[in-house]
Structure formats: structure tokens, C-alpha cells
Amino acid sequence: MTRIHAILTVSLLISGCSSPHAQSGSPAFPPTPVATVQAVEESVPIQIRTVGTAEAYTTVEMKSQVGGPLVKVNFTEGANVSQGDLLFEIDPLPFREALRQAEAAVAKDQAQLRVAEANLARSQAQLKNAKADATRFEQLSKEGISTRQQEDQVRTAAEVAEHSVRADDASIETIRAALEADRAAAEQAKLNLAYTQIHAPISGRAGNLLVHPGNLIKANGDNPMVVLNQIRPIFVNFGVPERYLNEILQQQSRRKLSVAASAEKDTAPANGTLKVIDNTVDPNTGTIRLKAVFDNTDGRLWPGQFLNVVLTLDTQTATTVPSEAIQVGQQGSFVYAVKADQTVEPRPVQVGQTISGKVIIEKGIAAGETVVTDGQSRLFPGAKVSLK
């Protein structure tokens, strides 16, 4: 009987200590130290969060306008180049010879033009003299001094001189036309010679070099020699659900909309502005494509890079708490609210967006109420708390 009595005594002691409320009225544990903060009402942005990709502001596929052997490459692949930099040099010798021939043809035409102009001047002088003789012999014929035969000969000579002037005029027009054609050929030869030096049309970053010195380059070949991407500034493409389209259009008509983009959630985002709203909704995805422009002076954004994008539409007044206060249970999100007697109660809440570490509380907590932000794992309904 003594052994049984001892076992019953131990059982009663264990059962008496198993509940924090075994003593009537007051908890058995001391107050739990926790960190708290008051819910505040503040102005917060209305944002749309999505995923986008960076896109070069301008892309240029460099091709040669003339053919020939590539003799020099004046940049390193992957390097930054400035507008006007000399990138490639094609063998200029054949084009220099073609320019010399074209210039020689122009000089020949100019000489022929001078000869034709001299012939025209001579023909005009002969015509003037023939007309004067015709007038004089016509007067002599009226006075009966000259014969009819002499008058006809003088008149015929005047007509021949006039036709000669016309022929010289036509010859000059022909030579002038040939001169203009040869001048155009000379200008084209100058252009072709200039095209042997290929300059950067934009400032940007060069990609992989697809040709090397010694390669024979075709004019307007199928493949580019190198691709230049302008990344300062840079575009970011992203899509948003079509239900936001009207609000975006309204806000865009009032002011420039701010767009933030970052490669990782923890990094500081780059800031830009909405630039383009596509003119159609994608029927397959139900989204509208948007494009924002970023200065990208630090070069953080890179063409083809996937980015977290945040489009800010407007601001609103809302109640916020730190994101650390939000707990997730079987019934959804809740917070531990601290009551006036320094006890806590779990309060179901309806949460909205998270902005800069703060969560918008749409329902469940009012501004001014105190919530627990640290130490929730040791709390239970009615637990007494003390501030850390």
C-alpha cells in the first residue's frame, strides 16, 4: 500500500503542474518579452508588381557597304564604343584607283567642254559675219550692183553658219551631260572609298566579333560584322493584366508614371519612367505590354536580363504594420494585438501589398493599435507580455 500511495502522490503532482492556469486566476509563467510597434496610417503608393526583361535602347547590326579584304579591327569585342569611333578598315586601294579613273574622266569631259565652247564661239562669229554679208548683198542686189547668184551664195553661207552654231550647242549639251555623269561617278567613288572605314553610328557596347582581319567582306553581307547595343539609356519591357489598362491610361495622361526594376529583391532598384503603352491587348495572356526607359548610368541593367518590375500608379492612405508582425495560421493571416492590460490576442487580418518592408492592413487592425513584431513563437491567447 505504501508503494501505491507514493505513485498516486507523484501523479497528482505532475498533473497539477501541467497547465499554466492550474493556479486559480493568474498565469504560472512570467510576462513574455516581446517587441511591439503601433499600426500607423500613412500615404502609401498604389503599385503593380510584375516581371519584365531589359532591352537595348537601340540595336545596330554593323555591315559593310562595300566588299573587300578586312585589313584592321580597331576595337575589342565586348568593349564600349562611342559614336563616330573607327571600328573596321577594308582595303582601300581598289577604291582609290576607281576614284582616280572617275576624276580623270571628269577632267577629260571638262577639256572637251572647253573645246566645244570654243567651237561654238567660232561658229557664232562666223554666223554673225555671214548674216552681215547677207544683209549687205541684199541691199546691193536691190541697187542692182550684185548679181542674184552672189546673193544666194551669201545667204547659203549664213544658213550653214547657223546650223553649225546649233550643232555646236548640241555638242556642248552632250558633253555637259557626260560631265555630270562622270562627276556623279566620281562622287560615288569617293563614297565607296569612305565606306572602307566603318564607324560606329551609335554609342553602345560591342558584342562578339564575327569577322577578323583577313576575311573577305561582302557588301551588305548576310551576317553582321558585330552587333552594337545601346544600354544607356535602356528599355524594360513588361506586361500587366488588362484590368489595369484604363487606370494606367488615366494616370499616364496626368503625369509620368514611375517604374522601378531590380534583378534581385534585396538590391536597390533602378528608377525609370513609363515610355510606351502597346496598342493592343494580347488575347492569349490577357495582358498589355508596357515599356519603361531607364538612364542606366551605372550599367546595372543588361539586355535580356529578367527583372522584378514595380509600376507606381498613385498614392493612397492606408494602415500599415511592419511585415514581421504578420503571422500565418490555418485560418489565414493574423497578428498578435496587445491589449490595454498587457495581454495579447490573435487578430485575423486582411493584408494588402508589401511596400518597403511594410504591409498594408485592409481589415482587422486600426491605426494606433499595438502589434507584436518579435517573440510571437512563445505567445498564446491571453499571454501576458512585457516590452524588450
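What to note about this one:
- Here Ile248, Ile172, Ile202 are screened, and the one residue that is within 24 Å of the chain's Cα centre (by Cα), of a type outside the set (Lys, Arg) and not assigned by TED's automatic domain parsing to the domain that holds Asn279 is Ile202.
- For Gly221, the criteria (1) modelled with pLDDT of 95 or more; (2) outside any strand (DSSP E or B); (3) not acidic (Asp, Glu) hold in every case but one, which is (1).
- Inside the range 292-309, residues that are surrounded by fewer than 17 Cβ atoms within 10 Å (Cβ to Cβ) and either in contact with a helix residue (DSSP H, G or I) (Cβ under 9 Å, 6 or more places away or on another chain) or not hydrophobic (A, V, I, L, M, F, W, C) (or both) make up a count of 6.
- Qualifying residue in the range 37-47 (condition: over 20 Å from Leu191 (Cβ atoms), in contact (Cβ under 8 Å) with a residue 12 or more places away in the chain and in contact with a Gly (Cβ under 7 Å, 6 or more places away or on another chain)): yes
- The range 303-348, residues that are assigned to a loop (DSSP other than H, G, I, E, B), closer than 18 Å to Ala366 by Cβ and over 47 Å from the mean Cα position of the chain (by Cα): Lys339, Ala340
- Unmet criterion (only one of (1) under 60 Å from the mean Cα position of the chain (by Cα); (2) at pLDDT below 85) for Thr147: (1)
- Under the condition of being in a helix (DSSP H, G or I) and aromatic (Phe, Trp, Tyr), the residues counted in the range 69-121 number 1.
- Restricting attention to the range 224-248 and to residues that are outside any strand (DSSP E or B) and hydrophobic (A, V, I, L, M, F, W, C), the residue that is farthest from Asp85 (Cα to Cα) turns out to be Leu245.
- In the range 334-354, the residues that are out of contact with any helix residue (DSSP H, G or I) (no Cβ under 6 Å at 6 or more places or on another chain) and crowded, with 18+ Cβ neighbours inside 10 Å: Phe334, Ala337, Val338, Val344, Val349, Val351
- For the range 274-327, filtering for residues that are without any contact (Cβ under 8 Å) to a residue 40 or more places away in the chain and over 18 Å from Gly239 (Cβ atoms) leaves 4.
The values are calculated or read from the model by the stated rules, or taken from the named source; none is laboratory data. In this text the structure is predicted, and so the values were computed from the model without any measurement. No Cβ is skipped: glycine too gets one built from the backbone with ideal geometry, and neighbour counts run over all protein chains shown.
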